[in-house]
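K.L.:
Here you go, one structure.
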Amino acid sequence: MSHNIITELVSIVGNSYVLTAQEDTAPYLTDWRRRYTGKALAVLLPSNTEQVAAIVKLCAHHNIAIVPQGGHTGFCGGATPDNSGKQVVLNLKRMNHILEIDASNQTISLEAGCILQSVQEQAAAQGFLFPLNLGAKGSCMIGGNLATNAGGTNVLRYGNTRDLCLGLEVVTAQGEIWHGMKGLRKDNTGYDLRDLFVGSEGTLGIITGAVMKLYPLPISQWTTLIATQDIASTIALLNLFQKRATSLLTGFEMMAQESLALNEKHFPQMANPLQGRPPFTILVELSDHESEEHVRQLLESILEEAFEAGVISDAVIASNLTQANSFWHMREQITLAQATEGANLKHDITVPLSTLESFITETDRLIRAQYPGVRIINFGHLGDGNLHYNIAPPEGVDPQTFNAANEKRVHELVYGQVERCGGSISAEHGVGQLKLEGLRAHKGAVAHDLMKTLKRALDPQNILNPHKVVSI
Ligand code: FAD
Ligand code: MLT
Ligand code: ZN
């Protein structure tokens, strides 16, 4: 049977775009963290929406599961097929065209396979800011960003991918095309289908196109690194910036010292300009549409107030773009430093800012008591209450051995604290296969059942990314 299917797939996308040889498919079968490797009947590279629809119809007819894939940079194994060798991977990288930049509507229409960085660059070339920004921008694709509702470093000011999306084109599990590419900021015609597909991680439909919001490019940006001694001061600093800089505050990232120690170990050339390795290094960015001088004065005055209030102990303002980029680089490299160090136990959590201090204090205490010597790699988008609270084994201990023995208990400890603090076990990375069980245990029974009802209604055959997010 598989031979016939391959022939039929070739007739849809062309011989060069149905990959079956092991050396051709391998790059699509292991996730970025190298945590999951699967097998596939074929990797398909369609070039347009009609081809995607025809593939889905064919797969539905033969009951073959489809794993949609973008840049394969996701952290939860959502884009990796299972081990059966019976699923097909549908990668959208050839659908990488910007369709229109509508300057008057301040929107960009594009195909799902556009790489995030190239969207940012093409918007900037026309004088617009496309604010979605994450460390994987050079490889992740807009369809993947939408499917995971990605967050990143500008959420504080511009919202996450969901907030930036106005319209979608989606191929349903039946191979129908929903033409929802409208650039409307208001549309109250019943259920919000767009929001149903955003964040659904390829389990409800395949996103083939989108209309996204654009913003004016800021004329000046000031980036600064600030030292704080504890979480209470860090939150006080955030509240001070929120009060005084209001919408000019575009970034507020936190890096605990143990995270920067990993950077120091793996990228020693990247020095923290703050003195004496403070417990917390905070990266703050202000952006303005008025003048350089206006925002610089505001920044200095806020820092002065923070020093006087004893909230901060040191600060360095980037003196030029190169230095500002190096501050951001230091923040973004933590992910790579972790990957270089070896596997770690990732937690992408969020709690209300009012319970953040309690979450960190109590979780740190419990983790250090139960797992002496472990390193708590705590960093993230603190302005959004989003921590990447990752646990690395004690120095010198084999990560695989440590993780195999402790993974389940560490996750449950952290998720228990997240629940106590009124938070969520996934702030921005999604669920995929990694947090399938976590979601079942922590979403709440009614919410979990509603999700399963939606999945059954939209994909009764269970052919779109089965056993990711929810199992039905
Ligand atoms: P993939 O990994 O290919 O897929 C992710 C999920 O979406 C899968 O379930 C897949 O089936 C589904 N999918 C992909 N394309 C489609 C489509 N067209 N239609 C339907 N479903 C689809 N994430 C953040 O949120 N914030 C960060 O700050 C951040 N920083 C990162 C830094 C680094 C260095 C790395 C490696 C990753 C980072 N990530 C971050 C995680 C990742 O980049 C995001 O989740 C991103 O949105 C995934 O996009 P992708 O194109 O790689 O999707
Ligand atoms: C980031 O913000 O850099 C990534 O989302 C974090 C991670 O590596 O966990
Ligand atoms: Zn992040």
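K.L.:
Considering His411, His388, which residue is in contact (Cβ under 8 Å) with a residue 24 or more places away in the chain, within 29 Å of Ala227 (Cα to Cα), within 16 Å of ligand 2 (Cβ to nearest atom) and buried (at least 19 other Cβ atoms within 10 Å of the Cβ)?
P.N.:
Testing whether each residue is in contact (Cβ under 8 Å) with a residue 24 or more places away in the chain, within 29 Å of Ala227 (Cα to Cα), within 16 Å of ligand 2 (Cβ to nearest atom) and buried (at least 19 other Cβ atoms within 10 Å of the Cβ) leaves just His388.
K.L.:
Is there any pair linking a residue in the range 328-344 that is at positive phi to one that is away from ligand 1 (no atom under 12 Å from the Cβ) and outside any helix (DSSP H, G or I), with Cβ under 9 Å and at least six apart or on different chains, and which?
P.N.:
Partner pairs satisfying both residue conditions: Gly342/Ala392; Gly342/Pro393; Gly342/Asp398.
K.L.:
Which ones in the range 126-165 are buried (at least 22 other Cβ atoms within 10 Å of the Cβ), more than 15 Å from ligand 3 (Cβ to nearest atom) and hydrophobic (A, V, I, L, M, F, W, C)?
P.N.:
Once the filter is applied, which keeps residues that are buried (at least 22 other Cβ atoms within 10 Å of the Cβ), more than 15 Å from ligand 3 (Cβ to nearest atom) and hydrophobic (A, V, I, L, M, F, W, C), the range 126-165 yields Phe130, Met141, Ile142, Leu146, Ala147, Leu164, Cys165.
Conditions tested, residue by residue: (1) of a type in the set (Phe, Trp, Tyr); (2) closer than 28 Å to Thr322 by Cα.
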site: Phe197; (1), (2): yes, no
site: Glu201; (1), (2): no, no
site: Ile206; (1), (2): no, no
site: Leu214; (1), (2): no, yes
site: Ser220; (1), (2): no, yes
site: Asp230; (1), (2): no, no
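K.L.:
From the set of residues in the range 317-331 that are surrounded by fewer than 18 Cβ atoms within 10 Å (Cβ to Cβ) and not in a loop (DSSP other than H, G, I, E, B), which is nearest to the chain's Cα centre (by Cα)?
P.N.:
That would be His329.
K.L.:
Pick from the range 421-450 the residues that are touching a residue at least 12 places away in the same chain (Cβ under 8 Å) and part of a helix (DSSP H, G or I): which of them is farthest from Ala150 (Cα to Cα)?
P.N.:
It comes out as Ala441.
K.L.:
Quick one: which residue in Val170, Val119 is among the β-branched types (Val, Ile, Thr), assigned to a helix (DSSP H, G or I) and at pLDDT 95 or above?
P.N.:
Val119
K.L.:
List, please: which pairs have Cβ atoms under 9 Å, are six or more places apart or on different chains, and start with a residue in the range 349-360 that is at pLDDT 95 or above and outside any helix (DSSP H, G or I) and end with one that is acidic (Asp, Glu) and surrounded by 17 or more Cβ atoms within 10 Å (Cβ to Cβ)?
P.N.:
These pairs meet every condition: Thr350/Asp384; Thr350/Glu428.
K.L.:
I'd like the residue in the range 66-88 that is within 11 Å of ligand 1 (Cβ to nearest atom) and among the small types (Gly, Ala, Ser) and, out of all such residues, is surrounded by the most Cβ atoms within 10 Å (Cβ to Cβ).
P.N.:
Ala79
K.L.:
Looking only at residues in the range 171-214 that are β-branched (Val, Ile, Thr) and touching a Lys or Arg at 6+ places or on another chain (Cβ under 9 Å), which one is surrounded by the most Cβ atoms within 10 Å (Cβ to Cβ)?
P.N.:
Within the range 171-214, the match that is surrounded by the most Cβ atoms within 10 Å (Cβ to Cβ) is Thr203.
K.L.:
Are any of the residues in the range 388-395 on the phi > 0 side of the Ramachandran plot, in a loop (DSSP other than H, G, I, E, B) and away from ligand 3 (no atom under 15 Å from the Cβ)?
P.N.:
So far as the range 388-395 goes, no, none of its residues is on the phi > 0 side of the Ramachandran plot, in a loop (DSSP other than H, G, I, E, B) and away from ligand 3 (no atom under 15 Å from the Cβ).
K.L.:
Another question, then. Tell me, which residue of the range 414-460 that is of a type in the set (A, V, I, L, M) and within 16 Å of ligand 2 (Cβ to nearest atom) is surrounded by the fewest Cβ atoms within 10 Å (Cβ to Cβ)?
P.N.:
Ile425
K.L.:
Something else now. Could you tell me whether the range 261-278 includes any residue that is polar (S, T, N, Q) and either without any contact (Cβ under 8 Å) to a residue 24 or more places away in the chain or out of contact with any strand residue (DSSP E or B) (no Cβ under 7 Å at 6 or more places or on another chain) (or both)?
P.N.:
yes
K.L.:
Kindly check whether there is at least one residue in the range 180-192 that is in contact with a strand residue (DSSP E or B) (Cβ under 8 Å, 6 or more places away or on another chain) and assigned to a helix (DSSP H, G or I).
P.N.:
For the range 180-192, residues in contact with a strand residue (DSSP E or B) (Cβ under 8 Å, 6 or more places away or on another chain) and assigned to a helix (DSSP H, G or I): absent.
K.L.:
Which one of the conditions (1) away from ligand 3 (no atom under 16 Å from the Cβ); (2) more than 30 Å from Leu90 (Cβ to Cβ) does His381 fail to meet, given that it meets all the rest?
P.N.:
(1)
K.L.:
Further, regarding this structure: Among the listed residues Ile64, Ile55, which satisfies the condition of being more than 16 Å from ligand 2 (Cβ to nearest atom) and either touching a Lys or Arg at 6+ places or on another chain (Cβ under 8 Å) or polar (S, T, N, Q) (or both)?
P.N.:
Only one candidate passes the filter, namely Ile64.
Rundown of residues vs (1) farther than 19 Å from Gly152 by Cα; (2) under 19 Å from the mean Cα position of the chain (by Cα), yes/no style:
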{"residue": "Gln51", "(1), (2)": "yes, no"}
{"residue": "His61", "(1), (2)": "yes, no"}
{"residue": "Gly77", "(1), (2)": "no, yes"}
{"residue": "Leu92", "(1), (2)": "yes, yes"}
{"residue": "Asn105", "(1), (2)": "yes, no"}
{"residue": "Gln120", "(1), (2)": "no, yes"}
{"residue": "Gly127", "(1), (2)": "yes, no"}
{"residue": "Pro131", "(1), (2)": "no, yes"}
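The values are calculated or read from the model by the stated rules, or taken from the named source; none is laboratory data. Because the structure is predicted, anything quoted here is derived from the model rather than measured. Glycine gets a Cβ as well: all are built from the backbone with ideal geometry, and neighbour counts include every protein chain shown.
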